[in-house]
Structures are given as structure tokens and as C-alpha cells.
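Asks: The structure under discussion is supplied below as C-alpha cells; questions concerning it will follow.
Throughout, read-outs are computed from the coordinates displayed, never taken from laboratory work. As the structure is a prediction and not an experimental result, all values here were calculated from the model. Virtual Cβ from ideal backbone geometry, glycine too; neighbours counted across all protein chains shown.
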Amino acid sequence: MNQEFLYIVIIIALGYLLKRTGILKESDGEVISRIIFNITLPSLVIVSLQTSTITVSLLGITLIVILYGILSTIVAYFVFRNETREIKGTFMMLASGYNVGLFAFPLVEAFWGTEGLLYFGMFDVGNSFIVFGLAYIVGSYFSENGMKLEGRAILMKFGKSIPLMTYIVMSVLNFGHIQLPSALLEVATIISKANMPLALLLLGIYLKFSFEKQYIRPIIKYLSFRYGFALLVGISLYFVLPVDDMFKYTILLGLVLPIGLAVIPYAHEFKYRTTMMIGTVSNLCILISMILMYLFSLFIL
């Protein structure tokens with residue numbers, strides 16, 4: 001596992017090096033991101049859910065993620081209650097929601113293959129409801145103009161998420177024991193193989209090492225809360241839940257993943273002035289999560 005982790009770090013570093021040398025620009029990352037979320041990641045989901053069987057117990061992962069997302073958002077409200085409305089709204093949006101597609105799937109695919117992708121796929125289903133539902137509502141509520149949401153707006157967010165729709169459709173097919181045509185599955189398999197290298201390169205392209213001094217204190221406070229609370233809950237569930245090891249690994253690792261990138265467009269939409277801070281937090285989370293996952297691979301996994 002340590003060897004696979006080294007390969008992953010090398011590919012991320014390659015992405016960062018390509019950006020620093022001018023071969024790729026950060027703006028290229030948007031194109032790569034669209035390819036991943038709209039093509040390679042859905043293909044990976046199709047392959048994973050067609051070649052595995054979803055059991056009722058796996059839905060427990062989805063439920064845990066949703067409940068944890070709600071709980072962590074409530075706790076964040078009290079942790080950041082003395083901050084400005086904008087800072088409070090920003091960190092409540094960031095309280096839950098994870099970068100599963102870009103960060104977790106490449107690592108999980110390298111470590112556990114299709115089995116791991118199935119478990120983390122169930123994690124990502126719950127994560128999608130938090131990111132596209134709860135985080136969006138919170139961001140709107142704490143924006144300068146206050147909440148202006150309709151149920152239709154939230155449903156549109158869900159409907160426009162191709163990965164989430166793919167999860168839902170493939171889960172229905174899985175439960176119904178319906179197989180896709182072999183030719184379609186073969187094409188999806190070929191495309192899905194591009195997901196891991198593209199996602200890792202994109203992480204490297206998005207890496208930045210710059211800080212704005214006025215945000216140092218709230219960032220430290222946020223990181224302490226996010227990872228402290230995640231480790232407390234994750235380790236507790238790891239030792240308490242009477243489930244198989246892969247279920248435990250999914251919860252433990254999933255809760256320490258970096259923040260989801262969807263929060264950045266939310267900040268733009270609701271006219272938050274904290275987009276630079278969110279970018280800094282995102283980069284720090286990537287580094288911290290990589291360190292934690294490496295430590296887990298040494299001592300727990």
C-alpha cells in the first residue's frame with residue numbers, strides 16, 4: 001500500500017510541476033474537472049456498480065454520511081457563532097462535504113479496487129445530498145441577501161449532478177439485477193481507466209501555497225474543528241460499529257477527506273468575499289488529508 005501511495009504523490013507532484021513550468025495553466029483545470037465529473041467519474045461508477053452487488057447494509061454508509069453532515073453543520077454553527085456572518089456561513093458550508101470523486105476514488109481504486117469503489121460510492125451518495133443540498137441552503141441563508149431558495153432550485157442542483165444521477169440510476173439497476181449491454185460496459189471500462197490519473201493531475205494543478213494574513217486565525221480554527229471532530233467520530237465508529245473492515249475503513253477515511261470543490265462556485269453565486277480563503281483551506285485540506293491517510297495506511301489499514 002505504501003508503494004501505491006508513493007505513485008499517487010508522484011502524479012500529484014507532476015500536476016503541480018506542469019503548472020509551475022507553464023506547460024499547463026490553472027485554467028486548464030476547469031476543462032479537466034469537467035471531463036472527470038461528466039465523463040470519467042460516471043464511467044467509473046457504472047463499472048463499479050455493474051460488477052458489484054449493493055447490499056442493504058451498505059446503505060448504512062450513506063445514512064451515516066448524511067447524519068454526520070447535519071451534525072457537523074450544527075456543531076459548526078456554535079463553534080463559529082462569534083465570527084462575522086460571512087465567515088460563519090463560509091465555514092458552515094465547509095463543515096461537511098468531501099472531495100470524493102477527485103481525491104478518494106483514485107486512492108481507493110489503487111488500494112482496494114472495485115470493492116473499495118463500491119463502498120466509497122455509497123459514501124459519495126450521502127455526500128452528494130450534503131454538498132448539493134445542505135451546504136447550498138446554508139450558503140444561501142448566511143449570504144448578504146439572506147435565503148432566497150425554492151425547493152425547485154435544490155432539486156435542479158441534484159438533477160444537474162451527473163455523478164449523483166449515475167449513482168441513482170445504477171443503484172436502481174443493481175437492486176433490480178439489470179445488466180447493461182456488454183458493449184456499453186466495455187466502453188465505460190476503457191473510459192474509467194482515465195479517471196485516476198486525470199484526478200491526481202488535477203489535484204496537483206489546483207495546489208497553491210499562498211496565505212492571506214487576516215484569515216490565518218479562522219483557518220486554523222476551522223481546520224482544528226474539521227479534523228478534530230472528524231477523527232473523534234471516525235475513530236469512535238471504527239471501534240464501535242459491528243460491521244466489516246471495508247465499511248469501517250470507508251467511514252474512517254471518508255470523514256477526513258478534503259473539502260468538496262462545489263463550495264467555491266457557491267461562494268461566487270452568493271457573493272461571498274471569502275473565495276480566496278476557501279481556496280487556501282482546500283489546499284491545506286488536501287495536504288492534511290494526505291498525511292492522515294498515509295498514517296492510517298501505516299498503523300490501521
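Asks: For the chain, find the longest principal axis of its Cα atoms and tell me its angle to the long axis of helix 41-50, 0 to 90°, nearest 10.
Replies: 40
Asks: Tell me, Kirkwood radius of region 1-84 from alpha-carbon pair distances, in Å? Walk me through the numbers on the way to the answer.
Replies: On the way: mean 1/r = 0.0578 Å⁻¹.
This gives a value of 17.3 Å.
Asks: With labels modelled as points extended 7 Å from the Cα through the Cβ direction, what inter-label distance (nm, one decimal) is found for LEU185 paired with GLU26?
Replies: Going by the 7 Å Cα→Cβ label model, 4.3 nm.
Asks: Report, in degrees rounded to the nearest 10, the 0 to 90 angle that the Cα long axis of helix 162-175 makes with the longest principal axis of the chain.
Replies: Its long axis makes an angle of about 40 degrees.
Asks: Still on this structure, please answer the following. For the chain, what is the mean residue ellipticity at 222 nm derived from helices alone (per DSSP H run of n ≥ 4: -39500 (n - 2.57); sum divided by total residues; nearest 500 deg cm²/dmol)?
Replies: -23000 deg cm²/dmol
Asks: So what's the angle, to the nearest 10 degrees on a 0 to 90 scale, between helix 275-299 and the longest Cα principal axis of the chain?
Replies: Helix 275-299 sits roughly 50 degrees off the main axis of the chain.
Asks: So between ILE264 and LEU301, what do we pick up on full extension, going 0.36 nm a residue minus the alpha carbon distance? Don't skip to the answer; put the middle values down first.
Replies: Numbers: separation 37, 0.36 × 37 = 13.32 nm, distance 3.22 nm.
Answer, rounded to one decimal: 10.1 nm.
Asks: Expressed in nm to one decimal, what extension gain is obtained for the pair GLU115 and MET246 from 0.36 nm per residue of sequence separation less their Cα-Cα distance? Don't skip to the end; give the middle numbers.
Replies: On the way: separation 131, 0.36 × 131 = 47.16 nm, distance 0.84 nm.
46.3 nm is the gain from fully extending GLU115 to MET246.
Asks: In whole angstrom, how far apart do the alpha carbon centroids of region 264-287 and region 164-212 sit?
Replies: 24
Asks: Here's another thing I want to ask about it. What is the log10 of I(q)/I(0) for the chain, computed with the Debye formula using one identical point scatterer on each Cα and no solvent, at q = 0.13 Å⁻¹?
Replies: -0.93
Asks: What's the FRET efficiency of LEU287 with MET156 using the Cβ-Cβ distance as r and R₀ = 25 Å, to the nearest 0.05?
Replies: On the way: r = 34 Å, r/R0 = 1.36.
After rounding, the FRET efficiency stands at 0.15.
Asks: Also: May I ask for the distance between the Cα centers of region 16-87 and region 220-262, given as a whole number of Å?
Replies: 14
Asks: Still on this structure, please answer the following. Can you pick out the pairs among LYS88/LYS248; LYS19/LYS193; LYS213/LYS271; LYS208/LYS271 whose Cα atoms lie more than 25 Å from each other?
Replies: Details: LYS88/LYS248 31 Å; LYS19/LYS193 23 Å; LYS213/LYS271 21 Å; LYS208/LYS271 22 Å.
Flagged as over cut-off: LYS88/LYS248.
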